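Report on one structure; see the data block that follows.
The values are calculated or read from the model by the stated rules, or taken from the named source; none is laboratory data. Just so it is clear, the model here is predicted, and its values are computed rather than measured. Here the Cβ positions follow ideal geometry from the backbone for every residue, glycine too, while neighbour counts run over all protein chains shown. Remember, those area values only see protein heavy atoms, side chains included, never the ligands or the DNA or RNA. Shrake-Rupley method; radii C 1.70, N 1.55, O 1.52, S 1.80 Å.
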Amino acid sequence: QIVDATRLEVVRDGQTTVYEKATAPGADSKWHELSPNARIVEPAKIGDSLSKFSYLRALTFVPRPAGFPRGAGVISVLVKYEEGKKSETVQLGRLGSEPFAVRPDWPDAARLDANAYALLIASLDELRK
């Protein structure tokens, strides 16, 4: 689903960045950053970030840590797919050295693989450039 995304919204460090794939008839089918900077995004960068999201896996599920998903360093992600008809939302962040993910429909938090999480963060950093 994520690799077939048509919209990606990332809230990080208090800033919302919106990326959208042009899908209208006659559109260029390219990914565009709509905000905060209107620009065309390199296909390799957006593809890399979307694939890194799809690589995230829960190592274990644990009770939601106190204070999570609020606070500094939490990244909120909304991905829309199937022409915007479906969406997935997740909050990502670290508590100490452990990366976690929570979703509104999960009762618990997913403890994530630290390497996969680091690769995702690196791809999001690259997407900002």
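For this structure, a couple of remarks:
- Radius of gyration (Cα atoms) of the range 3-74, expressed as a multiple of 2.2 N^0.38 Å: 1.37.
- Carbon/sulfur fraction of accessible area - the range 61-129, other protein chains in place, 1.4 Å, %: 53
- Correct choice for Cα Rg over 2.2 N^0.38 Å that was computed from the model, options (i) 1.02; (ii) 1.90; (iii) 1.06: (iii)
- Relative contact order of the chain, defined on C-alpha pairs under 8 angstrom at six or more residues apart (%): 26
- Given +1 at the Cβ of Lys and Arg, -1 at the Cβ of Asp and Glu and no other charges, the dipole of the range 84-129 around its Cα centre is 200 debye to the nearest 20.
- Shown for the chain: lysine pairs separated by 8 or more places, or found on different chains, whose C-alpha atoms are under 12 Å apart, numbering 4.
- The residues of the chain have, on average, 56 Å² of accessible surface per residue, using a 1.4 Å probe with all protein chains present.
- Rounded to the nearest 20 debye, dipole of the range 19-75 from Cβ charges on Lys, Arg, Asp, Glu: 280
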